[in-house]
Amino acid sequence: MKITSGRTKAYRILSVVVLIVLAILFLFPLYWIITGAFKPAVDIYATEPVWFPSEWTKANFDKLFGMRSAPLWELAVPFSRAITGETVYFSVGPTVPGAIRWLVNTVFMSVMAMILTCLTAAMAGYALAKKRFVGRTLLFSLIVCAMALPKQVILIPLIREMSALHLVNTLWAVIFPTVGWPFGVFLMKQFAEGIPGEILEAARVDGAGEIRTFTTIVLPMVKPGVGALAIFTFINSWNDYFMQLVMLSSNANYTISLGIATMQAETSVDMGLLMAGAALAAAPIIIVFLIFQKYFTQGITMGAVKG
Amino acid sequence: MAKQPRSTMSRALVRRETISGYMFLLPSLIFFLGFVIIPMFICIYTSLTSANMNDPGSFVGFQNFMDLFHDKTFMMSLKNTFLIVIVSVPTVCAFSLWVSSAIYKMKGPALSAFRCIFYLPVVTGSVAVTVVWKWMFDNYTGLFNAVLKGSGVIKDNINFLGTPGIAIWCIILILFTTSVGQPIVLYVSALGNVDQSLVEAAEVDGATNMQVFWKIKWPQIMPTTLYILVITTINSFQCFALIQLLTQGGSDTNTVMYYIYYTAFKLTEQAGHFGYANAMGVILAIFIGLLSALQFRLAKEK
C-alpha cells in the first residue's frame, strides 16, 4: 500500500482537467460539422462565430440532395469489358439524389472489400501459421516488407494495371488493391497461431478433409480475429480517399468522400452545404465504429503484437 | 512456435502440406501478387524509363533520379515531408504516451470514452475532417480568425492556408489530431500489460512515480513505442489528403506524396510523366525503409 502524497493527488486532478479540455478540443471539429450542417446561412457567414445554430434548418441537406441524381445502384460487372468488349452494368432502383448514390457506392465498396479480405486472409493466415510448406519463410518476409511500404508508392503501376484489366473507374479498382494489402493476412496469422496443433492433428486422424477442418475447427477459433479484421477493413476502406481519388473518375461512381471533396473544389464558399456533406459522410462510419469499437481496438492491438 | 525438424517429416507429408498450404493461400496470393508485388516491380522498372501517359518510353538508367535532385520543387517537397515527419513523430509519441498513462488506470467507461474521443478524428475520415478545418482556418468566415481577433491577439485576419510558413504548420496540426488515435489505443493496452508485481515491488522499495515509469514501465513498453514510431513515420510520409484538399501544394506545402500525384495526373510540361513520378515513389520507399530499419536498430540497442 502506498500513501498518496498531496503532490501526486494534485497532479492527478490537474491531468484529468487537462484531459477533459483536450477531449473537448478533439471533439470540436465534429461538433462544428454537425452544427454547421444545420445552421442557416445567416449563422454560417456571420463575422462573429455562432457557437450554436440560431435556428435548426435542413436547408443545407435539401441543397445537397437536390444537386444531381443517378440510379440508386449501378454496378459494372468485373472483367465484362475484357470478355464481351463493352462494360455490362447492373442497374437497380429508382432515381435518387447523387449524394445517396455516393453513399450506396461507398457501402458496397467497403462491404465487398471487407468480405473478400476476411475470406482470403483467414485462409492464408491459417496456412501461414499452421502449414509447414516450402517457401513459407520467404513468403512471410515478403508480406512483412510489403506492409511497411506506403500504398501510394505503387499507385501509377496500379492504375495502368487497372486500365489494362478495364477496371478503371469502377469500384473494383478500389476494392482489389485493398484486398491485396497484406495486413489482414498478418493479423489472421497472429490469431491462427493460437490454435493448438493437437486439435488439427486429431481432426486429420478422424479423417476430416482440409476444407472440413478449416470450416468446422479453424474458422470458429479465429472468429474474434475475423471480427476485428472485418471492422478494421470496413473503416479503412471507407476512408481510403487517395485510392478513390485516383481510380474513380465519373460522378456516378464516386464514393461519398470523393463526392464531398469534389463539391469542395467546385463550391468552396458554401460552407453549410459542405458541412451537410461532411456530416453525411462521417455519420454512418462513426456509428459503425461506436457499435463495433471493442473488436476494432482488439484488431489494432493484435496487429501490433510482434509487429 | 517450434519449427518441426524437416527430417522427421516424410517427403510425402511435406508435399501434402505444401499443396494444401498453397491451396489455402491461393485466393490471397492472387490479390497480393497481382495488386501489390507486381506493381511494386513495375514501379521500380518504370522509374528507370522515360515513360509517360501514352508512351512506355525507353530505358534511361538513373536519369530520372539525377533530374530529381536538380528539381527545386522536389527538393522543396522533400524538405516539407521531412519537416512533417520530424515534428509530428516525436510529438505524436509523447502526447499519446502521456494521454495513455493518464487514462489507462481509469474505470472501464471513462477509459473507453477517452480512447474513443481521441480515435474519432481518424474514423471521421480525412475528407470530412479536412473540410471542417478548412472552414475553421478560413480567411473570412473562419473560427480561428474570429476568436483571435475577438480576444485582441491579432488585428487583421490571417490567411492561414495562403501564407507560406504558416500553412505547413496548420497542416501539421491537423495531421496531429488524426494521428494520435492509434498510438493511444496501443499504449493503453501495453501499459495495462506491464508486470504489476515489478511495479509494486519498486513502490515498496520507495521508488517515486517517475522512477517507476522510466525504470520499469518504459523498458517494458519499448516494443510498442517502436511500432508506434514506425507507423507514425509511415503515416506522416503519406500525408496527402490534407495537402490536396487544403492548399493543392501551394503556400510552400508541397510534399513528396502530393508531388507524385501532381506529376502523374496534373498538367505539367510533360503530362503524366510516369517514369519521373515512379522515381519519386522509389525514393520515398527507400527513405521509409531506411528510417524503419534505423528505428528498429536504435530500439534494439537500448
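The values are calculated or read from the model by the stated rules, or taken from the named source; none is laboratory data. Here the structure is a predicted model, which is why all the values come from computation and not from measurement. Positions of Cβ are backbone-derived with ideal geometry, glycine not excepted, and every protein chain shown enters the neighbour counts. Please note that ligands, DNA and RNA were not included when accessible areas were found on the heavy atoms of the full protein model with its side chains. Shrake-Rupley method; radii C 1.70, N 1.55, O 1.52, S 1.80 Å.
Odds and ends about this structure:
- Among the residues listed as A:Thr213, A:Thr233, A:Thr267, A:Thr297, the single one being touching a Leu at 6+ places or on another chain (Cβ under 7 Å), of a type in the set (Ser, Thr, Tyr) and open to solvent by less than 30 Å² (accessible area, probe 1.4 Å): A:Thr213
- The residue that is farthest from B:Ile174 (Cα to Cα), counting only those in the stretch B:95-110 that are in a helix (DSSP H, G or I) and open to solvent by 10 Å² or more (accessible area, probe 1.4 Å), is B:Gly108.
- Subset of the stretch B:168-187 (residues that are open to solvent by less than 20 Å² (accessible area, probe 1.4 Å), out of contact with any Pro (no Cβ under 7 Å at 6 or more places or on another chain) and not polar (S, T, N, Q)): B:Ile168, B:Cys170, B:Ile171, B:Ile172, B:Ile174, B:Leu175, B:Val180, B:Pro183, B:Ile184, B:Val185, B:Leu186, B:Tyr187
- Among residues of the stretch A:52-71, those that are open to solvent by 70 Å² or more (accessible area, probe 1.4 Å) and either in contact with a Ser or Thr (Cβ under 8 Å, 6 or more places away or on another chain) or modelled with pLDDT of 90 or more (or both), counted: 2
Residue-by-condition table, conditions (1) in a helix (DSSP H, G or I); (2) under 12 Å from A:Thr178 (Cα atoms); (3) facing chain B (nearest Cβ under 9 Å); (4) not small (Gly, Ala, Ser):
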position	(1), (2), (3), (4)
A:Gly225	yes, no, no, no
A:Ile231	yes, no, no, yes
A:Ile235	yes, yes, yes, yes
A:Gln244	yes, yes, no, yes
A:Ser249	no, no, no, no
A:Gln264	yes, no, yes, yes
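- Test result for B:Ser88, within 14 Å of another protein chain (Cβ to nearest Cβ), open to solvent by less than 20 Å² (accessible area, probe 1.4 Å), under 26 Å from the mean Cα position of the chain (by Cα) and not basic (Lys, Arg): no
- Scanning the stretch A:37-56 for any residue that is of a type in the set (Gly, Ala, Ser) and touching a residue at least 24 places away in the same chain (Cβ under 8 Å) turns up at least one such residue.
- Checking B:Asn193 against (1) exposed (fewer than 15 other Cβ atoms within 10 Å of the Cβ); (2) modelled with pLDDT of 85 or more; (3) within 30 Å of B:Ala293 (Cβ to Cβ); (4) within 13 Å of chain A (Cβ to nearest Cβ), the condition it does not meet: (2)
- Condition check for B:Ala113: surrounded by fewer than 22 Cβ atoms within 10 Å (Cβ to Cβ) and part of a helix (DSSP H, G or I): yes
- Evaluating B:Gln63 against the criteria (1) within 13 Å of B:Tyr276 (Cα to Cα); (2) modelled with pLDDT of 85 or more leaves one unmet condition, (2).
- Whichever residue in the stretch A:143-157 is in contact (Cβ under 8 Å) with a residue 24 or more places away in the chain and of a type outside the set (Lys, Arg) and, among such residues, is surrounded by the fewest Cβ atoms within 10 Å (Cβ to Cβ): A:Val144
- If the condition is being within 12 Å of another protein chain (Cβ to nearest Cβ), among the aromatic types (Phe, Trp, Tyr) and open to solvent by 50 Å² or more (accessible area, probe 1.4 Å), then the stretch A:90-141 contributes only A:Phe140.
- Check on A:Val88, more than 25 Å from the chain's Cα centre (by Cα) and modelled with pLDDT under 70: yes
- Just one residue in the set A:Ala208, A:Ala252, A:Ala192, A:Ala203 is open to solvent by less than 40 Å² (accessible area, probe 1.4 Å), among the hydrophobic types (A, V, I, L, M, F, W, C) and closer than 21 Å to A:Met112 by Cβ; that residue is A:Ala252.
- Residues being within 11 Å of chain A (Cβ to nearest Cβ) and touching a Gly at 6+ places or on another chain (Cβ under 7 Å) - total across the stretch B:28-60: 11
- Residue count for the stretch B:120-135, restricted to those that are facing chain A (nearest Cβ under 7 Å) and either on the phi > 0 side of the Ramachandran plot or of a type outside the set (S, T, N, Q) (or both): 11
- Among the helices (runs of 4 or more DSSP H) confined to the stretch A:138-196, the ones with at least 1 residues that are over 24 Å from B:Val282 (Cα atoms) are located at A:172-180, A:183-192.
- Contacts under 8 angstrom Cβ, first residue in the stretch A:255-280 being within 17 Å of A:Asn105 (Cα to Cα) and not assigned by TED's automatic domain parsing to the domain that holds A:Gly98, partner open to solvent by less than 10 Å² (accessible area, probe 1.4 Å) and among the acidic types (Asp, Glu), 6 or more apart: none
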